[in-house]
Amino acid sequence: IGGQDKHDAADTRENVFLDYGYLKGVVAEHDIHYCACSSLSGYNLAKEMLAKGDFPKAVFIDSDSIAIGIVRAIHEFGLKIPEDITLISMNDIPTARFTFPPLSTIRIHSELMGTQGVNLLVEK
């Protein structure tokens, strides 16, 4: 599940994820969903998907903000995380640890990556 408010780095990350998912046979076109990058949008999208019975066992979400809304919708539907549905999201925002259960989230160390990139250039 991805946000519609994107920038180049997010587009690249999404493209690599989708290409590899298609290659491994774990992602299909009908599995891809988009919404605005907010908890409310994630909540509404998850409610729609759950009502249709269209929610997979594992979900990768490109924003913790979206994931927070999805967590609430899953709980309201009577399902449990991670027993019924596994979620992994991106950004590791501070509020991610306050959901129940806490989000499994990926932190991108942008500053470290930038520093390492400059160091590699200097070495050359």
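Where a number appears in this text, it was derived from the coordinates with a stated rule and is not lab data. Everything numeric in this text was worked out from a predicted model, so none of it was measured. Every residue, glycine among them, receives a Cβ derived from its backbone with ideal geometry; neighbour counts consider all protein chains shown.
For the chain, what is the relative contact order in percent, using Cα pairs closer than 8 Å and at least 6 residues apart in sequence?
With pairs under 8 Å counted, the relative contact order is 21 percent.
Under a 5 Å amide H to amide H cut-off, with H placed in plane at 1.01 Å, what residues pair with residue 89 once short-range neighbours are removed?
61, 104, 105, 106
Report, ordered by chain and residue number, the lysines lying within cross-link reach of residue 80, taken as a straight Cα distance under 24 Å and ignoring same-chain residues fewer than 8 apart.
The reachable lysines, counting only those whose Cα sits under 24 Å from residue 80, are 47, 52, 57.
Rounded to the nearest 0.05, what FRET efficiency do residue 11 and residue 95 have when you use their Cβ-Cβ distance and R0 = 35 Å?
0.90
Counting other beta carbons within 10 Å of each residue's own, what order do 89, 65 fall into, fewest first?
65, 89
Sorted from fewest to most neighbouring beta carbons within 10 Å, what does the list 75, 109, 30 look like?
30, 109, 75
Kindly identify segment 1-114 as rounded, prolate or oblate by the Cα gyration tensor criterion: order the square roots of the eigenvalues as a ≥ b ≥ c, call it rounded if a/c is under 1.5, otherwise compare a/b with b/c, prolate if a/b is larger, else oblate.
Oblate shape, in that a/c is at least 1.5 and b/c is the bigger or equal ratio.
Could you calculate the contour length gain from residue 119 to residue 80, that is, 0.36 nm times the residue separation minus the distance between their Cα atoms, to one decimal place in nm?
Fully extending the segment from residue 119 to residue 80 adds 9.6 nm.
Note down the nm distance, to one decimal, between modelled labels 7 Å out along Cα→Cβ at residue 111 and at residue 22.
For residue 111 paired with residue 22, the spin-label model returns 3.7 nm.
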